[in-house]
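Below is one structure, written out as C-alpha cells, with a few remarks after it.
Every number here is computed from the coordinates shown, using simple stated rules; none is lab data. Source: prediction; values computed, not measured.
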Amino acid sequence: MAEAEYVVAMHVAKECIWLCHLTGELFPSLHAQTMLFCDNQVALKLATDDNYHVCMKHIDIRFYFIRQVITSGAINMVYCPTDNMTADILTKALLHWKVMCHSLGLGLHQPSGGVVKSVGNEE
C-alpha cells in the first residue's frame, strides 16, 4: 500500500512544481518552499531515503522523481497524522466531531446543512 501512496506523492510533487511555476509568473515576489503533508510514514521514508528497498523493485524509475525534488529543496515532505488531515473533509465521509474540527481548520465558522445539521437535530 505504501508503494501506491509513494506514486501518488510523486504525482502531487509534479503538480506542486507546476503550481509554483505558475504562481511565480503571476506573483514574482512570492516564493516559498512547498510543504507536502503525508499521513503514511512508509511512503515518506521511501521518498526521502535513497537506500534500496526490496518492496520498490517493481516501481518504474520515473517515480524516483520525488526523491530528486526533495533533495533539491523544491518540496519539503512532512508527516501529518491522519486525524490532522483537514483535506479529509473534502474527500471522504467523516464523523460529526471530525467534520466540525476540520471545518474550523478550513476557517469555516458555522458549518450548516447536510450531515452536520441532521446529526445535531437527532434526539
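Using the Karplus relation 6.51 cos²θ - 1.76 cosθ + 1.60 with θ = phi - 60°, the per-residue 3J(HN,Hα) values for the range 33-43 come to 5, 7, 9, 10, 8, 9, 9, 10, 5, 5, 4 Hz, with x marking Gly and Pro.
Annotation: extensible slack from A93 through I17 equals 24.4 nm (criterion: 0.36 nm per residue apart, minus Cα-Cα distance).
Sequentially through the range 70-85, phi angles give Karplus couplings (6.51, -1.76, 1.60; θ = phi - 60°) of 5, 4, 6, x, 5, 10, 10, 8, 10, 6, 9, x, 4, 5, 9, 6 Hz, Gly and Pro residues having no value and appearing as x.
Residues whose amide H comes within less than 5 Å of that of T34, counting only those at least five positions distant or on another chain, are N76 (H built at 1.01 Å from N in the peptide plane).
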